[in-house]
1. Is the stretch 190-202 home to any residue that is modelled with pLDDT of 95 or more, touching a strand residue (DSSP E or B) at 6+ places or on another chain (Cβ under 8 Å) and exposed (fewer than 14 other Cβ atoms within 10 Å of the Cβ)?
2. In the stretch 55-72, what residues are more than 11 Å from the ligand (Cβ to nearest atom), part of a loop (DSSP other than H, G, I, E, B) and out of contact with any helix residue (DSSP H, G or I) (no Cβ under 6 Å at 6 or more places or on another chain)?
3. Considering only residues that are in a loop (DSSP other than H, G, I, E, B) and at positive phi, look in the stretch 2-33 and name the one that is nearest to the ligand (Cβ to nearest atom).
4. Of the conditions (1) surrounded by fewer than 22 Cβ atoms within 10 Å (Cβ to Cβ); (2) touching a residue at least 60 places away in the same chain (Cβ under 8 Å); (3) touching a strand residue (DSSP E or B) at 6+ places or on another chain (Cβ under 7 Å), residue 94 clears all except one; give me its number.
5. Among (1) out of contact with any helix residue (DSSP H, G or I) (no Cβ under 9 Å at 6 or more places or on another chain); (2) crowded, with 19+ Cβ neighbours inside 10 Å, there is one condition residue 213 misses while meeting the rest; what is its number?
6. Can you confirm whether residue 231 is at pLDDT 95 or above, touching a strand residue (DSSP E or B) at 6+ places or on another chain (Cβ under 8 Å) and under 30 Å from residue 4 (Cβ atoms)?
7. What are the residues in the stretch 235-263 that are within 18 Å of residue 162 (Cβ to Cβ) and in contact with a strand residue (DSSP E or B) (Cβ under 8 Å, 6 or more places away or on another chain), if any?
Ligand code: NAD
């Protein structure tokens, strides 16, 4: 299937590793030019090098903290300076800290809002005018299965990703007349640093091994294993494509069957 991404410009937030990097790799393999981002320069430069080595993509790497207004704006500004436009935006950032309700201070809540909601808002606000002008755009938010079925011990993620979902669902209607689609992709348990960290934390708290912690997740996944990041990225690339032109306002899981609801 030709996804029609050749020559498109894609900006993927938080993409030096994990889900963001897999998405950047998939879009680059489909012919898009890439703007990638993370806070640390070294790992980001390594990821940019890999993309250039394995694909024909032009790659711009912008190190910036997306939870910071100035950082998020700088990523968009640099993208527009370098490529003149952003056709595909994938909002993503690191996950907020784990822990039950009473473990978090108001400061933790504000930091999580900055990281998870405001980063998506800033990036979206930055690219939207250009997409409207050109009458074409794809906005994809990486959220979580937690939006449909909250995950115990992740109250910050469960709460704030719901806000991103509400924002995206509303925006989808507003920008549909301009040829812009807005969708959310909900990762389930996927093999990345985030799940390594969560497994370590659970293991320490409960006096079990990290393998046992992962085993508990796997027991609840009908496909019986964690996802590989590229399995997630494949759906994002499709939704970013020309071929996904009639899909908007939706949230789609890539979770091996973990969510138990009918719809
Ligand atoms: P990861 O820890 O492997 O990678 C996170 C990436 O974000 C890295 O490139 C890191 O440098 C970057 N980053 C972190 N904070 C940043 C910031 N403030 N500004 C810019 N870049 C920043 O995580 P992942 O598994 O790829 O997860 C990506 C997102 O998806 C997270 O929000 C996570 O909570 C969510 N998620 C992941 C899973 C999973 O199983 N992996 C499941 C559901 C939701």
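The values are calculated or read from the model by the stated rules, or taken from the named source; none is laboratory data. Computed from a predicted structure; not experimentally measured. Note: ideal-geometry Cβ built from the backbone for every residue, glycine included; neighbour counts use all protein chains shown.
1. no
2. Narrowing the stretch 55-72 to residues more than 11 Å from the ligand (Cβ to nearest atom): 55-61, 69-70.
If we keep only those that are part of a loop (DSSP other than H, G, I, E, B) too, we end up with 55-58.
Selection gives 56, 58.
3. Step one: filter the stretch 2-33 for residues in a loop (DSSP other than H, G, I, E, B), giving 2-8, 13-17, 30-32.
Then keep just the ones that are at positive phi; that gives 4, 7, 14, 31.
Working: 4: 26, 7: 26, 14: 3, 31: 23 Å.
Within the stretch 2-33, the match that is nearest to the ligand (Cβ to nearest atom) is 14.
4. The one condition residue 94 does not meet is (3).
5. All conditions are met except number (1).
6. On the way: at pLDDT 95 or above: yes; touching a strand residue (DSSP E or B) at 6+ places or on another chain (Cβ under 8 Å): yes; under 30 Å from residue 4 (Cβ atoms): yes.
The answer is yes for residue 231.
7. 249, 250, 251, 252, 253, 255, 259
Residues checked against (1) within 20 Å of residue 76 (Cα to Cα); (2) in contact with a helix residue (DSSP H, G or I) (Cβ under 6 Å, 6 or more places away or on another chain); (3) at pLDDT below 95:
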position	(1), (2), (3)
11	yes, yes, no
14	yes, yes, no
20	yes, no, no
24	yes, no, no
38	yes, yes, no
41	yes, no, no
44	yes, no, no
47	yes, yes, no
53	no, no, no
